[in-house]
Each structure stands twice: as C-alpha cells, then as structure tokens.
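Encoded as structure tokens, the structure appears first; notes follow it.
The values are calculated or read from the model by the stated rules, or taken from the named source; none is laboratory data. Computed from a prediction, not measured in an experiment: that's the story for all the values here. Using ideal geometry, Cβ is built from the backbone for each residue, glycine included, and neighbour counts are taken over all protein chains shown. Accessible surface areas use protein heavy atoms only, side chains included; no ligands, DNA or RNA. Shrake-Rupley method; radii C 1.70, N 1.55, O 1.52, S 1.80 Å.
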Amino acid sequence: MDESVVTPWEVEGEIDYNKLIKQFGTDILTEELLNTIKKYTGDLHPFLRRKLFFSHRDLGWILKKYEEGEKFALYTGRGPSGHTHIGHLVPWIFCKWLQDKFDCEFYFQMTDDEKFMMRPDLTLEQTHAFAYENALDVIALGFDPKKTFIFSDIDYAKTLYKISIQVAKNVTTSTAKAVFGFKNSTNIGMVFFPSVQAAPCFLPSVLKGYNVPVLIPAAIDQDPYWRISRDVAPKLGYYKPAAIHNMFLPGLEGPSGKMSASKSDTAIFSVDPPKEVDKKIKRAFTGGGQTIKEHKEKGGNPGVCTIYQYLYFIFEDDNKKIKEIHDGCKRGEVFCGECKNLLSEKLVKFITTHQENREKAKDVLDKFLLKD
Ligand code: TYM
C-alpha cells in the first residue's frame, strides 16, 4: 500500500488516522474530553459520538478558559475552487452546533487568493465568485448573522494583511518548506500564503483589542497551518489557537482518498439536483459481493463501503439501526440496494432543504460579510 499523503493540497491513499495523530503531534479526542464537552452542552453532537472528529490540539485548555468565563471564537474556512461538497459541510455543520451550544462568534475565511495562486486553471474572478457561492452554503446551515463573519481574503485584505505580515516575519522559508513541502518551483505567493491562513487565528483578538481564545474545527489536512500559527502566537502576544480535527468523508469511488471537488463524479455537491444525487449514490462503490449469490454466501464488508460510512458518520443516527445494517451486511442479509436507497432518501431530503435555505441565503448574504 502507498504511504498516505496528507498536505492541505493532497489527500490520497488509505488514511491511517492513528498514524496521523503521531505524525502531526496532535492529541486523540478522549472520552474524558467528550464528557467535559457534555457537561456544557448537555448532549454530544453525532459527529462526536461517532468519532468523525477524532483529534485535537488544546481542546482541554479552551474548555477550561470557557469555564473560567472566557468565551472562545470559532474559526474555519474554505478554498473556493468550485462548489461545496458534503465533505466540506462536515466542519461547518459542527461549527453551527458549537455556536449554538457555546454562544460563539464564528469567523469564516474564503481563501480566493490561495485557490487562484495554486490552480493554474482558475482565474481570480472565478475563485472570488466561488467565495460568495460557497458563502451561501455556510449561511444555509443557519448561523446567527449577528455572530458570524465571513470574509474573502481579497475583499478583506487590508485588515488581514497587517496580521499576515506579522506572522510571515516570524516564519522562515525552511520551516514553511518542511511543514508544507514547498519546492523551488512553488510560486512565492503560495510560500507566503500560510501566513494569510494563520491571520484569522488572531483576528478576533485584533478586532476586540484583547486576547480571545480561538477554536478551529476542520479536517486534519489543515493542521499544518495551525502548527505554524501556534509557533508564532506567543511571539505576537496572542493565545495559541486550539483545533479539533475531523476525518475525511470518502469519495464515492471507494475508501481510498477523500471526497474531492476536483473529481466531480465522486463527490456530492450542495448544488447537485436531487436526481443527480440519487444517481451518484446508486453508482457508488460498496462493500457488497460482486453478485447477489456471492453476497449471500460470503457477506459484505461495511468497513470499505462508502455508503455505510456516509450512513454511519452522518445520515443514520440511530445506534440500533446502524448496527443492524452493519451486522446484516456482514451476514449477507442486508443488500447494497437497500443501503443505497436508505442513504439516497436521507441525502436527497438533506440536499433539498439545504438548497431551499441556500436560495434564502442570497437575500441575507450582506449581513454576514466582513469587508474593508
Ligand atoms: P478546503 O476548501 O480544501 O476544505 C474546506 C474544509 O473542508 C474540509 N474537508 C473535508 N472534510 C471532510 N471530508 C472531506 N472529504 C473533506 N474535504 C475537505 C477541510 O479540511 C476544510 O476544513 N485552505 C483551506 C481554506 C481555509 C480553512 C481555514 C479551512 C482557510 N482557513 C480554516 C479550515 C480552517 C482550504 O482550501 O479548505
């Protein structure tokens, strides 16, 4: 098996999350921490119960700050290279829950600059336009407009630049190379860019004029940025940002690699017509036998099944039901068609509601935007 690669730009291969925790030097999300969260929230979000979020940096610290009366802000983002897919929605859905439970301000960065610089095929106009398309998906999830601040790097550059250059001054090229794997052929915009993604870690503190703890929910691929941000924070007089990491929702072609917008057949986009969603699910890779006969005889393997993973992590919250599906599949009694129908029904319902909310978001977009 190939070594899995996890940089913010490339996630391929079967991912060993325990190895990643070691490799990145993050901490596993323990039962003890989950219980601490529960103390404040009353219940646990299904993404926590099902361990879709599995790793963190300094989560215990941020909860302690909260207990002491210091509210934390949330920060996450999107590189607007195209439409949003349901993998992207994972950290955002979780942020909405955190905002409700902890009454957090929420800062959302659209890195239209990053996607322009890294993608030879995209113009600045395109990434900038996608920033606002993607913002509709964020707003559609129901965030509080009074406490949610979405910004495109290009349109909020004046504020961000001042913070970015302070970060940049404290990061050497050799550190950036070691953390992000930059080569001599990498354009210099990309080499500077990590300081732009680091800037919002300190933005709440800059805007408020006092130190604000910041928690970043995102998939683990973004962690290299937080390593840099955390190194620099004390030098600039800010708190180190805390992070909580989710796993990748797999692409529909199978368990190796993540759902990726650049492979459109393997991803379900927030703007896909419901019929298209259904079609994509029906074509997806499963853990079932090649034929019904083989499935009945040998049973299936939910461990490699994308349909099962979507149900387990997001769309089937009922513990009893998910166990029935899992065990039934292994015994060869639950068939791929049934699981596909179940997922399609749930996903189509979700997408339909999301698309309605996305339309409504167009009328209120301005209320959420930070611009210079
Ligand atoms: P981007 O656009 O690649 O991804 C947006 C968010 O989605 C997460 N993600 C996934 N989560 C689950 N399953 C998947 N298949 C999947 N694919 C992507 C990413 O981890 C990310 O949280 N440079 C960033 C934009 C950014 C950002 C941030 C992200 C700027 N500031 C702060 C997170 C936090 C990017 O290109 O993300």
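Structure values in brief
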| read-out | value |
| --- | --- |
| Largest-first ordering by accessible area, 1.4 Å probe, given options 121, 221 | 121, 221 |
| Volume per residue that the Cα convex hull of the chain spans, once the total is divided by residue count, Å³ | 142 Å³ |
| Set 51/367; 323/349; 346/367; 279/360; 51/101 screened for pairs whose C-alpha atoms are more than 29 Å apart | 51/367; 346/367 |
| Protein accessible area in the chain, 1.4 Å probe - carbon and sulfur % | 52 percent |
| At 1.567 mPa s and 4 °C, Stokes D of segment 264-359 from Kirkwood alpha-carbon radius, µm² per second | 94 µm²/s |
| Filtered trypsin sites (Lys or Arg not before Pro), segment 156-194: DSSP coil and at most 12 other beta carbons within 10 Å | 169, 183 |
| Overall dimensions of segment 113-265 by Cα: Rg and Dmax, Å | 16.4, 48 |
| Modelled FRET efficiency - R0 25 Å, residue 294 with residue 323, Cβ distances, 0.05 increments | 0.60 |
| Å² of accessible area per residue within the chain, as computed with a 1.4 Å probe and no ligands counted | 45 Å² |
| Charged-residue dipole, Cβ positions (Lys, Arg, Asp, Glu), segment 264-359 about Cα centre, Debye nearest 20 | 280 debye |
| Hydrodynamic radius by Kirkwood, which averages 1/r over all alpha carbon pairs of segment 52-155, in angstrom | 14.7 Å |
| Span from the segment 22-98 Cα centroid across to the segment 186-261 one, whole angstrom | 13 Å |
| Area accessible to solvent at residue 174, 1.4 Å probe radius, in Å² | 80 Å² |
| Cα gyration tensor of segment 98-157 - equivalent ellipsoid semi-axes, whole Å, descending | 26, 11, 9 |
| Under the span-like rule (Cα at least 18 Å along the axis, Kyte-Doolittle mean at least -0.5), DSSP H helices of the chain | 86-102, 124-140 |
